[in-house]
Amino acid sequence: MPAARTPSPGDPDPFAEAPHAPHVSHAPQNSPESGPGPGPGPEPRPESEPGSATERRSGDGTDLDEREAVIGFWRALELPGLVDVHTHFMPKRVLDKVWAYFDQVGPLTGTGWPIRYREAEDERLAVLRGFGVRAFTSMLYPHKPGMAAWLNSWSADFAARTPDCLHTATFYPEPEAAGYVRQAVAGGARVFKSHVQVGGYDPADALLDPVWGLLAEEGVPTVIHCGSGPAPGKHTGPGPVAAVLARHPRLRLIVAHMGMPEYAEFLDLAERYPGVHLDTTMAFTDFSERMMPFPRAERARLAALGDRVLFGSDFPNIPYGYLHALEALTRLDQDDDWLRAVCHHNAARLLPLPR
């Protein structure tokens, strides 16, 4: 694994903030099994370069071949569409800084990170809707005090004008946190985002104790980036989250990126606490398998926790096509019922969504 620096609190999200196949014709035909150790992953699915002569585009700019393949994926599973619990929409000036960060992310990951869906907001929404994503989030997060309430105001407005976006909110360890989190919940927030790595804070900070208590009481889930990938932070890893869960065992957490690279340890927490879920964001893809492969020995645990694994993509900040995030799930030796639960049913139940 390439050397990486520890992110500072001012850094944007380093992850974007970036099986048994279903009976679909686009499933990979020659996907080698991932071993427990590092090494090159399978060859990426061939894709047309954006703007190339071979790429078919719709009126809204969507790659028609990819759109048809994504729709074919969930239709083959007899789903009404997809639910993506990990997508990023945020104020333009914030997103511009995130994208600028990814343009020079090489020193952190040792590899390039070309953003696949660098489009205007309305075009990105059209892409997700064209894929058949029936519900998604607006993951956003502060890196300093005094920022979360402003982000929550923006995301509330975004949810009001974007009915298929689940009203998302965030927080930071500061004296005002309990108040604005309570206000967000009262205003209809359905999911929160915590970014331990970019925020540079301890999730067990006493200033967050009333926040966790409120969210546990209300049953509102939090997507939390707490794993040490792609580079460890001062408070990343399973220990700080375990301390939070010890105080709030009914808390509903969605561990982002399957907790990579501490996959096994976060699976342990999911087995210990029924409110702990994991999202698949960037996990199992060729990009991540080259650096932080998911151990083959842990696949049986994925099956056992099949009702608590949720699909996430990191759209739009991924360095590959959306379809690949779905195809990667078909290489895990899981059955179609598992795929249905992960790609739709689990999130629809947890959030919940109308039938």
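The values are calculated or read from the model by the stated rules, or taken from the named source; none is laboratory data. Note that this is a predicted model, so its numbers are computed, not measured. Using ideal geometry, Cβ is built from the backbone for each residue, glycine included, and neighbour counts are taken over all protein chains shown. These accessible areas exclude ligands, DNA and RNA; they are computed on the full protein's heavy atoms, side chains included. Shrake-Rupley method; radii C 1.70, N 1.55, O 1.52, S 1.80 Å.
Data overview
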{"quantity": "Accessible area in square angstrom per residue, region 233-315, 1.4 angstrom probe", "calculated": "31"}
{"quantity": "Among 222-229, 252-259, 119-126, the order from most to least packed when residues are scored by Cβ within 10 Å on average", "calculated": "252-259, 222-229, 119-126"}
{"quantity": "Radius 11 Å from Cβ of Pro80, net charge of other residues (Lys, Arg +1; Asp, Glu -1)", "calculated": "+3"}
{"quantity": "Ranked packing of 77-85, 345-353, most packed first, by mean Cβ within 10 Å", "calculated": "77-85, 345-353"}
{"quantity": "37 °C / 0.692 mPa s Stokes-Einstein diffusion coefficient of region 81-161, Kirkwood radius on C-alpha pairs, µm²/s", "calculated": "231"}
{"quantity": "10 Å binning of all Cα-Cα separations within region 200-355, expressed as whole percents from 0 upward", "calculated": "11, 41, 36, 12, 0"}
{"quantity": "Of all accessible heavy-atom area on region 236-282, the percent that carbon and sulfur account for (1.4 Å)", "calculated": "52"}
{"quantity": "Measure of compaction for region 257-303 (Cα Rg per 2.2 N^0.38 Å)", "calculated": "1.09"}
{"quantity": "Of all accessible heavy-atom area on region 294-338, the percent that carbon and sulfur account for (1.4 Å)", "calculated": "49"}
{"quantity": "Percent carbon-and-sulfur accessible area, region 71-207, ignoring ligands, DNA and RNA, probe 1.4 Å", "calculated": "53"}
{"quantity": "log₁₀ of I(q)/I(0) at q = 0.11, 0.13, 0.26 Å⁻¹ - region 187-274, Debye sum with one point per alpha carbon", "calculated": "-0.26, -0.37, -1.49"}
{"quantity": "Heavy-atom accessible area per residue - region 133-215, 1.4 Å, Å²", "calculated": "33"}
{"quantity": "Two-decimal ratio, region 87-214, of alpha-carbon radius of gyration to 2.2 N^0.38 Å", "calculated": "1.12"}
{"quantity": "Rg [Å, one decimal], Dmax [Å, integer] - region 62-112, C-alpha atoms", "calculated": "16.2, 43"}
{"quantity": "Normalised per residue, the volume of the convex hull around the Cα set of region 166-226 (Å³)", "calculated": "71"}
